[in-house]
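Here the structure is laid out as structure tokens; the discussion comes afterwards.
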Amino acid sequence: MDVFKTHVGEGKALMINEENFYLATRERKPYVVDSGGVKSFYAVCPECDNPIQLIGLLRRQQDSLPHRPYGRHIGHDVPGVAVYDEDAYLSCPFSDPGYWRTDGKRKPSNPTGQALYRIMRDRFDRVEYAWRESSGLLLGIKSLRRALTVWRNDKGWLNYGSTYHNLPQMLFFGLPQETLYGQCVSKDSPLASRLAAADGIFLEPSGFSDSYLRIKTSRFVDVGFVLGARKARVVNDRLTETFLLGVNVEGKPLGSDLVVHTDPVWFSRILNMPDWHENHRLSAMAADVLG
Ligand SMILES: [Zn+2]
């Protein structure tokens, strides 16, 4: 993997490099263990909360090869850093990119599941922002509440397929079709161009922002979206996961599906941004549903 964090739970995911590791740990115990003059560097997997070891972290002057440090899971506890959990390891996208499992769920006591629950409850407006940025779709509070209620009833945080990087998308993954009528779409998104070109659908000013347009239909046209087809890959230690967003008009697909991307470092930064303008209306709704 090319990312790390220093604490189990909703900590910030950082790219693995010497500077980030130094700033996050000051290269002190328990993250650095010196045994007989050989230093080992430890941190936490940003996806499964297991201990990882960082390899090739320190640039050596004699190295002539391109330098790219990475992290790998280790199969034992690192005291003060993280406890090894084999079940979580087996379900980690970095251990197996085809990681979604139909069997088994996190235990209610699992620290990852508990942190995912807290993120949804306490930072739902940031989750919504990440969803909106990745899909182009600004959903009304009724649709958001509906999705969050399903997530609560299904105990989505115990699903091994839900992790720190894909929470915004997993909120809508596999849900029945949700209406697009009256919802808003980012003016510059591929979704907006797709809808604008469709027969019987038009986009009008949203009334609150120049960046968004409201989806209307000229007569009663049934238009909705579904999110499916998750695909995760790890290439050169980098995790990418995508979903497909399908738009249906009168039950028929409107062109090919649009790709929705996830980004572990970007989403983690949104979650941990200090100068965030909270959307109190969304926060109150999430507290009401998950409180
Ligand atoms: Zn992991």
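The values are calculated or read from the model by the stated rules, or taken from the named source; none is laboratory data. Note that the structure is predicted; figures quoted are calculated from it, not measured. Backbone-built Cβ (ideal geometry, glycine too); neighbour counts: all protein chains shown.
Quick notes on this one:
- Some residue of the stretch 269-281 being under 17 Å from Leu175 (Cβ atoms) and at pLDDT 90 or above: no
- Residue among Val226, Val221 that alone is β-branched (Val, Ile, Thr), out of contact with any helix residue (DSSP H, G or I) (no Cβ under 8 Å at 6 or more places or on another chain) and not in a loop (DSSP other than H, G, I, E, B): Val226
- Members of the stretch 192-204 found to be under 30 Å from the mean Cα position of the chain (by Cα) and surrounded by fewer than 17 Cβ atoms within 10 Å (Cβ to Cβ), listed by number: Ser193, Ala196
- Within the stretch 253-291, tally of residues that are without any contact (Cβ under 8 Å) to a residue 24 or more places away in the chain, part of a strand (DSSP E or B) and of a type in the set (A, V, I, L, M): 1
- Test for Thr217: is it of a type in the set (S, T, N, Q) and under 30 Å from Tyr160 (Cα atoms): no
- When the stretch 67-93 is filtered for residues that are modelled with pLDDT under 95, touching an Asp or Glu at 6+ places or on another chain (Cβ under 6 Å) and closer than 23 Å to Val33 by Cβ, the ones remaining, listed by number, are Tyr70, Cys92.
- Among the residues of the stretch 34-47, none qualifies, meaning not one is touching a residue at least 24 places away in the same chain (Cβ under 8 Å), in contact with a strand residue (DSSP E or B) (Cβ under 6 Å, 6 or more places away or on another chain) and more than 16 Å from the ligand (Cβ to nearest atom).
- In the set (1) in contact with a strand residue (DSSP E or B) (Cβ under 6 Å, 6 or more places away or on another chain); (2) loosely packed, with under 14 Cβ neighbours inside 10 Å, Leu244 fails one condition alone, (2).
- Scan of the stretch 148-204 for residues that are farther than 25 Å from Gly255 by Cα and acidic (Asp, Glu), ordered by number: Asp154
- Restricting the first member to the stretch 87-100 and to residues that are polar (S, T, N, Q), and the second to residues that are modelled with pLDDT under 85 and more than 9 Å from the ligand (Cβ to nearest atom), the beta-carbon pairs closer than 8 Å and six or more apart or on different chains are Ser91/Tyr99; Ser91/Arg101; Ser91/Gly104.
- Looking across the stretch 1-44, the residues that are of a type in the set (Lys, Arg) and farther than 19 Å from His73 by Cα come down to Arg26, Arg28.
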